[in-house]
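Novice: Right, I'll just put the structure down here and ask away after.
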Ligand code: FPP
């Protein structure tokens, strides 16, 4: 986490500290288009994307937001060209190795959510190391959805609960929202308050389908490598103008 914020180091004065989203979820979209617009290979967009993510994580910490969850790699992303998939896997591994000491020092607790067993062995080892090294940290929670799919997550929770019913450990009637949530990858996390997607796409793309049920959605046309604290400020400002009703009148 070496990227230095140039602006908005502190929480901007017109944001209400009492009404900050506690958990922000982000689809970091547009790396490829950003690179193409500059006449650069797509992977350069991903490299810039890492710097933007580092500053967003630090910004959340600076402003007092407790959890950030980002979509780094979806179950559908395996369909990309092999060279890009391999680049991303290596990038995740390299970034984890490079940033771990700083995350430990800055009290970040990192957690990966998704079907991690299907990732390259060396990346799994780096993930295990990072999660173990930051497990007791009590600062910001940083969750990285990797080989993550919302439908797959729901299905694996269904299977786990069905097995418990089959073995007579629970009755079907005991399955409620609370029990179901505890069988998701995000079992130890509150649902996000604010969901941000960059690059103008109005889709959830299989991200946190259960958890986003009552989350406020903010879409910006900005491509991820151009996202910054100013943009984040705008998203939170917009969020704070809304009245969250959770189905009530
Ligand atoms: C979407 O842009 C971006 C990704 C699939 C990868 C995002 C990953 C990072 C920013 C690195 C995160 C690193 C760690 C260690 C958490 P796109 O390629 O879909 O862009 P496009 O829609 O313009 O093609």
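Please treat every number below as a calculation from the coordinates, not as lab data. The model shown is predicted, which means the values in this text are computed figures rather than measured ones. Neighbour counts run over all protein chains shown; Cβ positions are idealised from the backbone, glycine included.
Novice: How do the peptides 131-138, 169-176 rank, highest first, by the average count of neighbouring beta carbon atoms within 10 Å per residue? Show your work: numbers first, answer last.
Specialist: Values: 131-138: 12.8, 169-176: 10.5.
Highest mean packing first, the order is 131-138, 169-176.
Novice: Just the projected area, averaged over all directions, of the convex hull on the alpha carbon atoms of segment 143-249: how many nm²?
Specialist: Values: hull surface 34.6 nm².
For the Cα atoms of segment 143-249, the hull's average projected area reads 8.6 nm².
Novice: Now a separate question. Roughly how compact is segment 59-111, stated as its Cα Rg over 2.2 N^0.38 Å to two decimals?
Specialist: Numbers: Rg = 14.0 Å, N = 53, 2.2 N^0.38 = 9.9 Å.
Cα Rg divided by the expected 2.2 N^0.38 Å: 1.40.
Novice: Hey, another quick one. As a test of the formula, what do you get for the chain when each DSSP H run with n ≥ 4 contributes -39,500 (n - 2.57) and the sum is divided by the residue count, at 222 nm and rounded to the nearest 500 deg cm²/dmol?
Specialist: Value at 222 nm, helices only, nearest 500: -13000 deg cm²/dmol.
Novice: Next up: Just the number: Rg to Rh for segment 1-67, Cα atoms, Kirkwood Rh, two decimals.
Specialist: Result: Rg/Rh = 1.06.
Novice: Which order results if 14, 191 are arranged by neighbouring Cβ count within 10 Å, fewest first?
Specialist: Numbers: 14 8, 191 16.
By the 10 Å Cβ count, ascending: 14, 191.
Novice: Still on this model: Counting alpha carbon pairs within less than 8 Å and at least 6 residues apart, what relative contact order, in whole percent, applies to segment 136-229?
Specialist: Once divided by the residue count of segment 136-229, the mean separation gives 29 percent.
Novice: Under 8 Å for C-alpha pairs, at least 6 residues apart: give me the relative contact order for the chain, rounded to a whole percent.
Specialist: Computed value for the chain: 27 percent relative contact order.
Novice: Further, regarding this structure: What ranking do 19, 248, 79, 54 get, fewest neighbouring Cβ atoms within 10 angstrom at the top?
Specialist: Working: 19 13, 248 5, 79 8, 54 17.
Lowest count first: 248, 79, 19, 54.
Novice: Would you give the gap between the C-alpha center of segment 101-159 and the C-alpha center of segment 192-246, rounded to a whole Å?
Specialist: Value for the Cα centre distance between the two parts: 22 Å.
Novice: Can you tell me how segment 53-187 classifies by the Cα gyration tensor, rounded, prolate or oblate, using a/c under 1.5 as the rounded cut? Kindly include the intermediate steps, with their values, before the conclusion.
Specialist: Details: a/c = 2.21, a/b = 1.42, b/c = 1.55.
Oblate, because a/c is 1.5 or more while a/b does not exceed b/c.
Novice: In percent, how large is the relative contact order of segment 10-138, given Cα pairs closer than 8 Å and 6 or more residues apart?
Specialist: Here the relative contact order equals 22 percent.
Novice: Let me ask something else. If you line up the Cα atoms of segment 127-167 on their principal axes, what length do they span on each, largest first, in Å?
Specialist: 38, 23, 18
Novice: Provide the convex hull volume over Cα atoms per residue for segment 80-160, in Å³. Working shown, then result.
Specialist: Values: hull volume 8.8 nm³, N = 81.
Per-residue hull volume (Cα only) is 109 Å³.
Novice: Continuing with the same structure: Would you mind ranking 167, 243, 9, 23 so that the residue whose beta carbon has the fewest other beta carbons within 10 Å leads the list?
Specialist: Details: 167 8, 243 4, 9 12, 23 22.
Fewest-to-most Cβ neighbours within 10 Å comes out as 243, 167, 9, 23.
Novice: Step by step: find N for the chain, compute 2.2 N^0.38 Å, then divide the Cα radius of gyration by it. What's the final number?
Specialist: Ratio of Cα Rg to 2.2 N^0.38 Å: 1.03.
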